[in-house]
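One structure is given here, and the rest of the page talks about it.
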Amino acid sequence: MAEIADTGLSDNRLADAKRLHEARATRTRRFLLSPAILTIGIVGLFPLTITMIYSVLSPGTYGGVTWELSGEAYIQFLFERDIFDDTLTFSGSYLQIYGRSIGLAFVTTIGALLIGFPTAYFIASKPREQRNLWLFLITLPFWTNLLIRTYAMLLIIRDEGIINLSLMGIGIVEQPVSILYTDTAVFMGLIYSYLPFMVLPLYASLEKLDFRLVEAAYDLYANRFQVLRRVIIPMAKPGIVAGCILVFIPGLGAYITPELLGGGKHLMIGNLIALQFGSSRNWPFGSAAALILMAVVMVALLVYIRNAGKEGARHG
């Protein structure tokens, strides 16, 4: 009986020691994570909270806000209020700006994918000692400020720029082609700005590709399209998804590129938000527009994650 009692006592001591060890480990993890959590709170959640609060307040006369609760900012997004009888009329002007921004960001993502995929495959197929040089050339533009790079693109596509001078020099056109201050100019600028965001994730996936699988597919009489569709693209899918997200989201909220290359003629979401905090002095509507943009992005990501989860479950 004494031996049984001693065994039970030692088991209790082991359980207590285990619980104490787990508690200490939990406190250690929390302590180590606290700087990251604090940083996320200050840099991310605190500004987001301020934006949410501002969006339900009334605009100040000369900017800022007055501390009166109001949903006018969200009403203004879809409706226009008559100044005489306060009746609401549906207005799709802001929806058009969001639609144009989403369309340009989507086209930019597709364009960056079409350019970035062959580029990443080219780098991944090179000998290992040569890849760092090509990656260096891809990331080299990031050593320069985005504003300077956008001005450089402006000098290239203007009427007296390199593109028009080359086209007229070889006789393709007689007069300069008007590219600057159009959606085409914004599209070219966005691709130039965010192309490395597509190339690098694609390279990270394609670098792991076993090219013996490609050779085996050719040995089994697969053509190039079949090898691309059934071997290369499935292996590069994580990089494709990551690259598309990294290009689409910043392209959706771009400000400098549409402002300089678009000339402010066709507003995008980033320009609209900046305008509300600038000359329009309507901080609540600017905050509401930013939150609506964030909600659109979140919904798109949640839909993708849900579909990806269903596809993974089907294949699993």
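Since every read-out is calculated from the coordinates, none of them should be taken as a lab result. Just so you know, these numbers come straight off a predicted model, no measurement behind them. FYI the Cβ positions are ideal-geometry reconstructions off the backbone, even for glycines, and counts take in every protein chain you see.
Annotations
- Sorted fewest first by neighbouring Cβ atoms within 10 angstrom, F197, F122, F84 come out as F84, F122, F197.
- Inter-part distance where the range 258-301 and the range 14-77 are each reduced to a Cα centre, Å: 23
- Hull-based mean projected area of the chain, where the convex hull spans the alpha carbons, in square nanometres: 31.4
- Max mean-square fluctuation residue, GNM over the chain, Cα-Cα springs under 10 Å, options L252, L195, L301: L301
- Sorted by Cβ neighbour density within 10 Å, fewest at the top, the residues I170, I138, I110: I170, I110, I138
- Dividing the summed helix terms, -39500 (n - 2.57) for each DSSP H run of n ≥ 4, by the number of residues in the chain produces a 222 nm estimate of -23500 deg cm²/dmol to the nearest 500.
- Ordering of 123-132, 92-101 by burial proxy (mean other Cβ atoms within 10 Å per residue, highest first): 92-101, 123-132
- Percentage relative contact order, the range 130-220, counting C-alpha pairs under 8 Å, at least six apart: 22
- Over the chain, Cα pairs under 8 Å with separation of 6+ residues give a relative contact order of 24 percent.
- Relative contact order [Cα under 8 Å, 6+ residues apart], the range 1-128, whole percent: 9
- Built amide H within the under 5 Å cut-off of A254, gap 5+: G270
- The residues T109, T49, when put in order of fewest to most other Cβ atoms within 10 Å, stand as T49, T109.
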